[in-house]
Amino acid sequence: MEEELIERALQVRKNAYAPYSGFRVGAALLCADGSVYTGCNVESAAYAACCCAERTAVSKAVSEGRRSFLAIAIVGGKEQVKDYCFPCGVCRQVLREFCPDTLQVIAAISCEDYRVTTLGALLPESFSAADLQ
Ligand code: THU
């Protein structure tokens, strides 16, 4: 499962639009029904309008009717992927909107070299929809 998601993330990273940072990111999100939605980062000359790869993937999945997710694989780097890329704070919060603490977050350098953690570990004591009840 991890290797297939990482492969999808590496593939979609090729589409990253990152002319300002040069940092290209790909993400692959595994849904509970087995489908996979991918996303890359999409930057903007108005920097604040940049969208991370993870949020691209979540938006694609939700807009196609998926709201239940099991895992996300992420790859990022300038020329080559040389280090693990974990989701930024904004993406962690967006994942929190749809995912339980058990969501697997796979930060990968390659299909053979990756780290697995959970959303709960990356965003403990988080604020979520439950707090608005
Ligand atoms: N980026 C992502 O797509 N995901 C992350 O988790 C970290 C950062 C993007 C945003 C921006 O386009 C570039 O990487 C540099 O921050």
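Values for this structure:
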| item | result |
| --- | --- |
| Accessible area of region 1-86 divided out per residue, in Å², using a probe of 1.4 angstrom | 51 |
| Principal axis dimensions, region 2-132 - Cα atoms, whole angstrom, descending | 40, 36, 28 |
| Beta bridges by DSSP in region 2-132, antiparallel share as percent, to the nearest 5 | 80 |
| Residue-span extension gain [Gln93 to Ala45] - 0.36 nm each, minus C-alpha spacing | 14.9 nm |
| Apportionment of accessible area to carbon and sulfur, the chain, percent (1.4 Å) | 51 |
| Using a Förster distance of 25 Å, the FRET efficiency for Thr118-Tyr17 (Cβ separation, nearest 0.05) | 0.30 |
| Span from the region 1-44 Cα centroid across to the region 90-133 one, whole angstrom | 16 |
| Built amide H within the under 5 Å cut-off of Phe69, gap 5+ | Ala32 |
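The values are calculated or read from the model by the stated rules, or taken from the named source; none is laboratory data. These numbers were taken from a predicted model, which means no experiment stands behind them. Cβ: placed from backbone, ideal geometry, glycine included. Neighbour counts: every protein chain shown. For the accessible areas, the whole protein counts, side chains as well, though only heavy atoms, and no ligand, DNA or RNA atoms are used. Shrake-Rupley method; radii C 1.70, N 1.55, O 1.52, S 1.80 Å.
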